[in-house]
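Asker: First, the structure itself, so that you have it in front of you.
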Amino acid sequence: MQDFRPSLSYYGGKGGMRVFLGVEVSDWINIILLIITFSTVIYARRALFMDHAPQIFVFRYNQRNYRNDKGCSKFRVSAEIDSIGNGRAIKLYMMISDKSNKRLKLFKNYFISKPITNIKSKEVKEISMELSEKDIDKSKNNFADMKLYIIYQDIMGNLYYANPNYHDDNKHLESFDKVPKRMSKSGLFYWVFKIRFYLSRRQGNTSVSKINKTLNQIAKTNKAD
């Protein structure tokens, strides 16, 4: 007696090729090989990133308010960074953001430090930023909820960001650090930081903006004399 129950596979197709779920076995093999190839490429890319990309970590962070010799208020932020990866970072910035508007938290002031360059593997460097009394007034001295970011670029032009878990209440002693992440041009964070850099320039909160402002003030003073 013949068995007419449905089967998942049967012989058919060209030259009696075996078919499984309506697809020839040779096609299934090609699909599996494509998946293996794609997975190998992803693994190789991640291995290349781990072996050759710069890995920048903040291992010491400090912020303090003080007055200079002229009695002006100053706010200084500094961070010691350690490059533990095998790659080299060609340029690195420190960015801090406040929350100067309590009702509209999206409207912040962004401050960008003067960059440091050529951070080699296993090298330790310090990056710092000093805000003037006008900067403090502009931010309404609201740095308690300040966020700090490290943004850097490798020799291939890739951009990375790191956001260390440092808090005044020592919560960072109870949690793990966030590892640096690469920003893809098709990803969200790449454009978020592009906008933040743009806002920082518009707000006059970059080192170049401050230098130009000082030079303009000197020029006006000399012209008045």
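Asker: Provide the per-residue ³J(HN,Hα) series for the stretch 188-203, in order, calculated from phi with Karplus coefficients 6.51, -1.76, 1.60 and θ = phi - 60°, each as a whole number of Hz, with x at glycine and proline positions.
Answerer: Each residue of the stretch 188-203 in turn: 6, 5, 4, 6, 4, 6, 4, 5, 5, 4, 4, 5, 4, 5, 5, 7 Hz.
Asker: Then there is this: Can you pull the one-decimal nm distance between simple spin-label points at ASN86 and SER207, each 7 Å off the Cα toward Cβ?
Answerer: 3.1
Asker: Same structure again: Counting other beta carbons within 10 Å of each Cβ, put ARG64, ARG182 in order, fewest first.
Answerer: Least to most surrounded, the residues fall as ARG64, ARG182.
Asker: Longer than 18 Å from Cα to Cα, which of LYS74/LYS125; LYS108/LYS138; LYS70/LYS134; LYS138/LYS210; LYS108/LYS147; LYS108/LYS194 are they? Say none if no pair is.
Answerer: LYS74/LYS125
Asker: Each residue of the stretch 180-187 in order: what ³J(HN,Hα) in whole Hz does its phi give by Karplus 6.51 cos²θ - 1.76 cosθ + 1.60, θ = phi - 60°, with x for Gly and Pro?
Answerer: x, 10, 7, 9, 8, 5, 8, x
Asker: Now, a different point. For LYS185 and LEU199, compute 0.36 nm times the residue count separating them, minus their Cα-Cα distance, and round to one decimal in nm.
Answerer: Full extension from LYS185 to LEU199 adds 3.2 nm.
Asker: Just order 87-93, 73-79 by mean Cβ neighbour count inside 10 Å, highest at the front, would you?
Answerer: Ranked by mean Cβ neighbours within 10 Å, highest first: 87-93, 73-79.
Asker: Pulled fully out, how much extra length does the chain show between GLU130 and TYR66, if you take 0.36 nm times their separation in residues and subtract their Cα-Cα distance?
Answerer: Contour length minus the Cα-Cα distance gives 22.0 nm.
Asker: Enumerate the amide H contacts of GLY85 below 5 Å, restricted to partners 5 or more residues apart or on another chain; note that Pro and chain-start residues carry no placed amide H.
Answerer: Counting only residues 5 or more places away or on other chains, the set is GLN55, LYS122.
Bear in mind these aren't lab numbers, they're just calculated from the coordinates by the rules spelled out. Model, not experiment: these values are computed from the prediction. Every residue, glycine among them, receives a Cβ derived from its backbone with ideal geometry; neighbour counts consider all protein chains shown.
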